[in-house]
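In what follows, a structure is listed as structure tokens, so that the remarks can point back to it.
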Amino acid sequence: MKKSKKNTSTVNKSAVRIVVFGVVQGVGFRPFIYRLAHKLHYTGWVKNIGFGVEIHLESKTKTDFKDFLNDFQETKPPLSQIEEIILEPAAFLDLKDFTIKKN
């Protein structure tokens, strides 16, 4: 009997897209997100968009990214004001680092 081989290359990996709207530009929010992602060992990127920032996070292990969300809401830059957070699954791109994308 042959064992079936499952493609497990992305089974235990996670990726998420987070869009944060509010006063998050010009207040040190992107560098804050960069430091937090590094602290929690996530890869991905952050960039400014219209009236907010977009964050792509990846983890080599299965996660719901609650640690990131809790930390960033509790320790966000004092001048930032979060009005809305959109969270949705994203494609796992196997990124090697976390970066701040230029506008």
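Each value in this text was obtained by applying a stated rule to the coordinates, not by laboratory testing. These numbers come from a predicted model, not from an experiment. Ideal geometry is used to build each Cβ from the backbone, glycine not excepted, and the neighbour counts take in all protein chains shown.
Report the gain in length on full extension from Glu84 to Lys102: 0.36 nm times residue separation, minus Cα-Cα distance, nm rounded to one decimal.
Numbers: separation 18, 0.36 × 18 = 6.48 nm, distance 2.25 nm.
Extending this stretch completely gives an extra 4.2 nm.
Which entry in (i) 63, 26, 22; (ii) 48, 26, 24; (iii) 40, 25, 23 is this structure's computed Cα extents along the principal axes in Å?
It is the one labelled (i).
Find the eigenvalues of the gyration tensor of the Cα atoms of the stretch 27-81, then list the square roots of 5 times those eigenvalues as equivalent ellipsoid semi-axes, largest first, in whole angstrom.
On the way: eigenvalues 72, 33, 18 Å².
With the √(5λ) rule applied to the stretch 27-81, the semi-axes are 19, 13, 10 Å.
Return the FRET efficiency for the residue pair Gln25, Asp94: r is the Cβ-Cβ distance, R0 is 30 Å, and the value is rounded to the nearest 0.05. Could you put the intermediate results ahead of the total?
Working: r = 29 Å, r/R0 = 0.96.
That gives a FRET efficiency of 0.55.
Counting each DSSP H run of 4 or more residues in the chain as -39500 (n - 2.57), what helix-only mean residue ellipticity at 222 nm follows after dividing by all residues, to the nearest 500 deg cm²/dmol?
-5500 deg cm²/dmol
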